[in-house]
Each structure stands twice: as C-alpha cells, then as structure tokens.
Amino acid sequence: MNPLNAEEVQSSLGQIRPRLLGFARLQLRSAAAAEDAVQDTLLAALEGASGFTGASSFQTWVFSILKNKIVDEIRRSSRTKADVDSESALDAAVSDLFDDRDHWAEIPSAWGDPHASLEQKRFWEVMDACLTNLPASPARAFMMREFLGLETTEICKELSISTTNCWVLLHRARIGLRECLDLRWFGGRAK
Amino acid sequence: MMSCRHATEMMSQGQDRRLSFGERVSLRVHLMICVGCRNTLNHFRFLRDAISSHPWKL
C-alpha cells in the first residue's frame, strides 16, 4: 500500500477533528484548553503522517497523540476547588444509594432493551450530558478505560494515582452514569 | 453475605481485572439472590457496549 498522500491526510484529519475536540473537551473541561490540545495534536499528526498507509491506523494514532497531550495538560493543571466539591458530591450521591447496611436503598430496575437506544441521536446527547456531569477525575479514568481501551495499570500510571484509587474512580463513574441514565433516559421507559 | 455496595465494586472491578476465585464465588452467590445487583451488572455491561459505539469512536 502507498503512504497516505497530503490530500488524504488533510481529509482524514478534517474528518476526526470534531471527535478529537469532543473528547478533549470532556477530558479537559475547558473549551480553550481542548482547542489548544487539538491544534497541537493536528500539527504533530501532519508531521508524522508520512509513515501511514491506512486512514484507520492513522486516526487511531492521532487519538493516541491527543491522549498524551491531555495527560500532559492534566499533570500541569492542579485540581480546582470546583473539582474537589464535585467529587465529594458524587461520593455523597453514591453513599445515598445504599442504606446503613450497604444494601440498595432503592432497587435498580431493568432497562428493557437498552441497545435499541444506541441508534437514537437524543440518547447520545443525554449520554454526553451525563459524562459531562461526572466530576473530572472519574470521567477521565472512565473514558481512558472505555473509550481509549487502556488497561487500569496504564491509566494509574498516566494519571499518577494508585491502582486502588483507579478502581474507586471507575466504580464511581459507572455508578454515577448508571444513575444519570436511569434518571434521564431509561427511567419510566423500562417499567 | 456480601453487601450490595461491595457487590457493585466487584462488578466494576470485574470489568478491569480478573477477580479472584473467592471474589467470583461470593459475587455469584450474591447475584443469585439480588435482582438489584443483577440489573446493575447488566447496566455496567451496557455502559461498556455503549461507549465502544460512541459516535466519536473511529
């Protein structure tokens, strides 16, 4: 196969730019910081594009550049008071789901056929709102795990946290998303 | 008997590491009698499927 030509590189980058931006916004929580990270990523991608023959491996590689830029940015910036407050709020919300013996205060209901929702545009708007509502740290850990497919050991290393802390973040993210989707999307439908 | 809170932690970790034999047995016993945790396990699995078909995904 021939290496991607300049035109293919341009069109490939143009195609994934909105996804890069969406991912960066969710991870960095700032439109300006996300814009910067994506700009840097696209520049680095243009420079390194010559080694690639297929658009799909090229795009995967571009996402890995963005991930590194995001991790650098997360390391540079310190946690704000808003981050800390939002994490305590999620902790409290998770605790409220259970009674004093740690059993369900309210038993979660089945969601029927949730996969049918994946076809609906409105579902993704709700999902993105739920992801954005999560505090930054659990949201980052969760998206690195599920969207980028990293192993927990890698996530811990990238975010400089312990493995146990990583599992705690992922658990909170999943519980928080479950609650949010239950409330804003599946609630009432499945019953 | 495992608490529901602990069961949700095991179900979450089960998506990130291989649970030990003991953990798997206690979780399975808990799931047999707890419909709330069975539903939650399905929800966690759905979350994984959903994100892997996210519109941003390549």
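Would region A:138-159 turn up any residue that is surrounded by 18 or more Cβ atoms within 10 Å (Cβ to Cβ), of a type in the set (D, E) and either under 18 Å from B:F44 (Cβ atoms) or more than 10 Å from chain B (Cβ to nearest Cβ) (or both)?
yes
Please count how many residues of region A:160-191 are farther than 25 Å from A:S88 by Cβ and at the interface with chain B (Cβ under 10 Å from one of its Cβ atoms).
Qualifying residue count for the region: 2.
Looking at region A:112-132, can you tell me whether even one residue there is closer than 21 Å to A:L150 by Cα, more than 10 Å from chain B (Cβ to nearest Cβ) and at pLDDT below 95?
Checking region A:112-132: at least one residue is closer than 21 Å to A:L150 by Cα, more than 10 Å from chain B (Cβ to nearest Cβ) and at pLDDT below 95.
With respect to A:L90, determine if the residue is within 23 Å of B:S3 (Cβ to Cβ) and either at pLDDT 95 or above or more than 14 Å from the chain's Cα centre (by Cα) (or both).
yes
Among residues belonging to region A:152-191 that are part of a loop (DSSP other than H, G, I, E, B) and more than 27 Å from A:V62 (Cα to Cα), point out the one that is nearest to the chain's Cα centre (by Cα).
A:S162
The values are calculated or read from the model by the stated rules, or taken from the named source; none is laboratory data. Keep in mind the model is a prediction, meaning the values are calculated, not measured. Cβ coordinates were reconstructed from backbone atoms using ideal geometry, including for glycine residues, and neighbour counts include every protein chain displayed.
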